[in-house]
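Chemist: Here it is, the structure in full.
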Amino acid sequence: MAKKTYKITIGELVNRLLPALKSASLLTYKGAPMSFLFSMAENRIECEERYKAYVSTHEKILKEHSVTDNNGEPVTEEVNGQMGYKLKNAIAFEDAIKELEQTQLEVKLHPLDKDHFSKCKDLSPDLIAGLMVLLKK
């Protein structure tokens, strides 16, 4: 299968597509051709590479918006029983993360033939929704 360029946001990739590809890789596809399974694996690898860039950028934004100690290290604090970084301005941090997640990407992925999912057990609505961008009509 030839790759196609998809325009999606980083948020869609991180919150829907990559989790769906990870879940889909655990399912059994009876009668699916090897090319389909290979395409699924390649798509997951491509999305995981994009996810690494997202994590790196997220960490930079977090450090930029965190209060630091005398050594320049982010200060942590407990909020509602969970440890997290102490932020200089939570609203500015949230705005920066929202902007990051709304950033458009062009990702080259293999389209997936929905017929290969027809014999698959354990398909969930969330998994199908996450893969919708790749499913051929």
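The values are calculated or read from the model by the stated rules, or taken from the named source; none is laboratory data. Remember, predicted model here, so these are calculated numbers, not experimental data. Cβ sites come from the backbone with ideal geometry, for glycine too, and all protein chains shown count toward neighbours.
Chemist: Examine region 18-32 for a residue that is closer than 29 Å to SER118 by Cβ, among the hydroxyl-bearing types (Ser, Thr, Tyr), modelled with pLDDT of 95 or more and surrounded by 11 or more Cβ atoms within 10 Å (Cβ to Cβ), and state whether such a residue exists. So that I can check it myself, show each step before the final result.
Modeler: Going residue by residue through region 18-32, those that are closer than 29 Å to SER118 by Cβ are 18-32.
Right, trim to among the hydroxyl-bearing types (Ser, Thr, Tyr) and you get 23, 25, 28-29.
Narrowing further to those that are modelled with pLDDT of 95 or more: none.
Scanning region 18-32, I find no residue that is closer than 29 Å to SER118 by Cβ, among the hydroxyl-bearing types (Ser, Thr, Tyr), modelled with pLDDT of 95 or more and surrounded by 11 or more Cβ atoms within 10 Å (Cβ to Cβ), so the answer is no.
Chemist: Another question, if that's okay. Which of the strands (runs of 3 or more DSSP E) contained wholly in region 74-129 include at least 1 residues that are touching a strand residue (DSSP E or B) at 6+ places or on another chain (Cβ under 7 Å) and surrounded by 14 or more Cβ atoms within 10 Å (Cβ to Cβ)? Lay out the reasoning, then the answer.
Modeler: Values: elements: 76-79, 82-85, 104-109.
Answer list for region 74-129: 82-85, 104-109.
Chemist: List the residue pairs whose Cβ atoms are under 9 Å apart, where the first residue sits in region 93-115 and is in contact (Cβ under 8 Å) with a residue 60 or more places away in the chain and under 19 Å from ALA41 (Cβ atoms), the second is aromatic (Phe, Trp, Tyr) and surrounded by 12 or more Cβ atoms within 10 Å (Cβ to Cβ), and the two are 6 or more positions apart or on different chains.
Modeler: Close Cβ pairs satisfying both conditions: VAL107/TYR6; LYS108/TYR6; LEU109/TYR6; HIS110/PHE36; HIS110/PHE38; PRO111/TYR6; LEU112/PHE36; ASP113/PHE36.
Chemist: Separate question: Which condition from (1) under 17 Å from the mean Cα position of the chain (by Cα); (2) under 14 Å from GLY11 (Cα atoms) is the one that ASP95 breaks?
Modeler: Checking ASP95 against (1) under 17 Å from the mean Cα position of the chain (by Cα); (2) under 14 Å from GLY11 (Cα atoms), the one that fails is (1).
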